[in-house]
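Structure record follows, encoded as structure tokens.
The values are calculated or read from the model by the stated rules, or taken from the named source; none is laboratory data. Only a predicted model underlies this, so the values are computations on that prediction, with no experimental measurement involved. Ideal geometry is used to build each Cβ from the backbone, glycine not excepted, and the neighbour counts take in all protein chains shown.
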Amino acid sequence: MNRTDVADWIAGYERAWRTPGTDALAALFTEDASYQQGPYWTPVVGLPAIARMWEKQREGPDEIFQMTTEIVAVDGDTAVSRQEVRYGDPVHQEYRDLWVMRFADDGRCRSFEEWPFWPGQQPANTPDGP
């Protein structure tokens with residue numbers, strides 16, 4: 001994988017989120033893919049389970065959102081990107097999210113892990129400052 005491949009995959013992910021149904025997921029994820037929505041969440045495993053999760057999580061293909069992406073690193077079959085997503089107009093929810101993606105030889109994702117953050121979220125231990 002290279003940065004162009006990863007950028008194309010992320011663009012496909014966004015297109016799929018904006019498309020009715022879940023058929024587009026087969027071009028993005030392997031049949032046995034793992035999709036973890038947070039670092040301590042139980043992974044959703046397998047394309048059918050990912051499709052069910054996908055439909056449950058989104059408001060629908062006409063959901064209003066803006067997503068910006070910065071690819072942070074690509075090393076072999078692994079990539080990390082930073083997303084910023086704003087939902088609604090006016091914006092009612094926003095996230096900054098790190099994605100860790102591991103790809104199969106055919107360019108589909110075999111392991112997807114999110115590290116989502118949102119405004120007001122505090123660290124477990126607030127550092128003491130001056």
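The set of residues in segment 76-101 that are within 14 Å of Phe112 (Cα to Cα) and in a loop (DSSP other than H, G, I, E, B) contains only Asp77.
Could you check how many residues of segment 24-47 are without any contact (Cβ under 8 Å) to a residue 12 or more places away in the chain and in contact with an Asp or Glu (Cβ under 6 Å, 6 or more places away or on another chain)? Summing the residues that are without any contact (Cβ under 8 Å) to a residue 12 or more places away in the chain and in contact with an Asp or Glu (Cβ under 6 Å, 6 or more places away or on another chain) in segment 24-47 gives 0.
Give me the residue from segment 93-107 that is of a type in the set (Asp, Glu) and at pLDDT below 95 and, out of that set, farthest from the chain's Cα centre (by Cα). Looking at the filtered set, the residue picked out is Glu94. Taking the listed residues Ala24, Ala11, the one that is within 15 Å of the chain's Cα centre (by Cα) and buried (at least 16 other Cβ atoms within 10 Å of the Cβ) is Ala24, with no other qualifying.
Would you confirm whether any residue within segment 27-38 is assigned to a loop (DSSP other than H, G, I, E, B) and either surrounded by fewer than 12 Cβ atoms within 10 Å (Cβ to Cβ) or of a type outside the set (Phe, Trp, Tyr) (or both)? Checking segment 27-38: at least one residue is assigned to a loop (DSSP other than H, G, I, E, B) and either surrounded by fewer than 12 Cβ atoms within 10 Å (Cβ to Cβ) or of a type outside the set (Phe, Trp, Tyr) (or both). Condition check: out of contact with any helix residue (DSSP H, G or I) (no Cβ under 8 Å at 6 or more places or on another chain), at pLDDT below 90 and not basic (Lys, Arg). Does Val45 satisfy that? Considered against the rule, which asks whether it is out of contact with any helix residue (DSSP H, G or I) (no Cβ under 8 Å at 6 or more places or on another chain), at pLDDT below 90 and not basic (Lys, Arg), Val45 comes out as no.
In segment 77-87, the residue that is farthest from Gln36 (Cα to Cα) out of those that are under 14 Å from the mean Cα position of the chain (by Cα) and charged (D, E, K, R) is Arg86. With respect to the conditions (1) of a type outside the set (Phe, Trp, Tyr); (2) crowded, with 17+ Cβ neighbours inside 10 Å; (3) in contact with a Pro (Cβ under 8 Å, 6 or more places away or on another chain), Glu94 falls short on a single one, namely (2). When Pro90 is tested against (1) more than 27 Å from Ser34 (Cα to Cα); (2) at pLDDT below 90; (3) of a type outside the set (A, V, I, L, M, F, W, C), only condition (2) is not met.
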